[in-house]
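Engineer: Starting off with a structure, shown below.
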Amino acid sequence: MTSALPAPHFYQIDNATLVLDASAISALDKAQKQRMINALARQLLLQPDYVDVVSADQTLTLYGRSHLELERVQHHLLLMWQQFDEDSSQSQFHEIKVQYGGKYGLDLASVAKSCGLSEREVINIHTSGLYTVDFIGFQPGFAYISGLDSRLQLPRLATPRTLVPKGSVAIAADKTAVYPANSPGGWHIIGHTEQTLFDPSKQPPALFAPGDTLRFVEA
């Protein structure tokens with residue numbers, strides 16, 4: 001078990017909202033900090049004292065009920081952080097089947113050209129990685145997924161599309177993602193999956209949760 005890990009910064013938004021911010025901790029790499037934040041979020045979501053617990057990029061926001069004493073919550077959260085056990089963290093693994101290129105991957109050719117690769121090499125690289133869900137945002141079920149190979153890292157499109165089809169598999173900067181619904185978007189579309197990422201009739205409604213791992217498999 002790891003103990004006495006560097007402490008994050010805490011601040012209050014209001015009398016019932018507390019933020020843990022780990023972005024300034026240089027002694028831990030970003031991936032480890034995100035794993036810790038996501039593990040804490042999973043534990044705290046099970047407790048009735050919180051309306052919601054939201055993990056984001058190196059931050060964790062706790063929306064407590066009105067009776068909570070945030071100083072006590074902060075002390076408890078700091079203990080959980082400093083005594084975090086990497087081996088105790090739990091997550092699910094997903095395999096996402098993807099149809100790459102053609103009408104399914106509108107930007108595959110341009111991505112290949114920009115990266116100095118063939119389309120086949122882009123596909124092989126994208127399917128060879130083990131990825132981690134960092135956090136959920138933008139729209140319900142939209143996961144920001146880290147682990148994209150540096151050879152495929154490109155800035156977002158200069159002009160976002162007004163419509164990206166549901167199921168589009170895309171890349172931008174150091175992340176990859178799957179669009180759970182039709183929406184605008186500025187990521188490079190390289191493929192498409194038929195898997196449903198968000199279904200409000202299911203519990204939980206989102207397929208991915210922060211901390212989950214996945215691989216993309218060519219359909």
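The values are calculated or read from the model by the stated rules, or taken from the named source; none is laboratory data. Keep in mind the model is a prediction, meaning the values are calculated, not measured. Please note: Cβ atoms are built from the backbone with ideal geometry, for glycine as well, and neighbour counts cover all protein chains shown.
Engineer: If you take the residues of the stretch 146-171 that are in a loop (DSSP other than H, G, I, E, B) and within 14 Å of the chain's Cα centre (by Cα), which of them is surrounded by the most Cβ atoms within 10 Å (Cβ to Cβ)?
Structural biologist: LEU148
Engineer: Out of the residues in the stretch 113-145 meeting the condition of being touching a Pro at 6+ places or on another chain (Cβ under 6 Å) and assigned to a strand (DSSP E or B), tell me which one is surrounded by the fewest Cβ atoms within 10 Å (Cβ to Cβ).
Structural biologist: Step one: list which residues in the stretch 113-145 are touching a Pro at 6+ places or on another chain (Cβ under 6 Å), which gives 133, 135, 141-142.
Now restrict to residues that are assigned to a strand (DSSP E or B): 133, 135.
Details: VAL133: 26, PHE135: 24.
Per the criteria, the residue is PHE135.
Engineer: For the stretch 80-112, name all the residues that are assigned to a helix (DSSP H, G or I) and in contact with a helix residue (DSSP H, G or I) (Cβ under 9 Å, 6 or more places away or on another chain).
Structural biologist: Of everything in the stretch 80-112, those that are assigned to a helix (DSSP H, G or I) and in contact with a helix residue (DSSP H, G or I) (Cβ under 9 Å, 6 or more places away or on another chain) turn out to be MET80, TRP81, GLU86, SER88, GLY102, LEU108, ALA109, VAL111, ALA112.
Engineer: Within the stretch 172-219, how many residues turn out to be assigned to a strand (DSSP E or B), under 26 Å from THR159 (Cα atoms), free of Cβ contacts under 8 Å to residues at least 60 places away in the same chain and of a type outside the set (Val, Ile, Thr)? Reasoning before the result, please.
Structural biologist: Going residue by residue through the stretch 172-219, those that are assigned to a strand (DSSP E or B) are 172, 175-178, 183-185, 188-192, 198, 206, 213-218.
Add one more test, that the residue is under 26 Å from THR159 (Cα atoms), and what stays is 172, 175-178, 183-185, 188-192.
In the following step, the residues that additionally are free of Cβ contacts under 8 Å to residues at least 60 places away in the same chain were identified as 172, 175-177, 183-185.
Narrowing further to those that are of a type outside the set (Val, Ile, Thr): 172, 175, 177, 183-185.
Counting residues in the stretch 172-219 that are assigned to a strand (DSSP E or B), under 26 Å from THR159 (Cα atoms), free of Cβ contacts under 8 Å to residues at least 60 places away in the same chain and of a type outside the set (Val, Ile, Thr) gives 6.
Engineer: Check whether at least one residue in the stretch 113-126 is touching a residue at least 24 places away in the same chain (Cβ under 8 Å), under 24 Å from ALA206 (Cβ atoms) and hydrophobic (A, V, I, L, M, F, W, C), and report yes or no.
Structural biologist: Looking for residues that are touching a residue at least 24 places away in the same chain (Cβ under 8 Å), under 24 Å from ALA206 (Cβ atoms) and hydrophobic (A, V, I, L, M, F, W, C), one finds none in the stretch 113-126, hence no.
Engineer: Being hydroxyl-bearing (Ser, Thr, Tyr) and more than 20 Å from PHE142 (Cβ to Cβ) is the filter; apply it to the stretch 64-99 and report the residue that is surrounded by the fewest Cβ atoms within 10 Å (Cβ to Cβ). Full working, then the answer.
Structural biologist: Initial filter on the stretch 64-99 (hydroxyl-bearing (Ser, Thr, Tyr)): 66, 88-89, 91.
Going one step further and asking which of them are more than 20 Å from PHE142 (Cβ to Cβ), we end up with 66, 88-89.
Values: SER66: 7, SER88: 9, SER89: 15.
For the stretch 64-99, the residue satisfying everything is SER66.
Residue-by-condition table, conditions (1) in contact with a Gly (Cβ under 7 Å, 6 or more places away or on another chain); (2) hydrophobic (A, V, I, L, M, F, W, C); (3) at pLDDT 95 or above:
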position: GLN139; (1), (2), (3): no, no, no
position: ILE145; (1), (2), (3): no, yes, yes
position: GLY167; (1), (2), (3): no, no, yes
position: ILE171; (1), (2), (3): no, yes, yes
position: PRO180; (1), (2), (3): yes, no, yes
position: PRO184; (1), (2), (3): no, no, yes
position: GLY191; (1), (2), (3): yes, no, yes
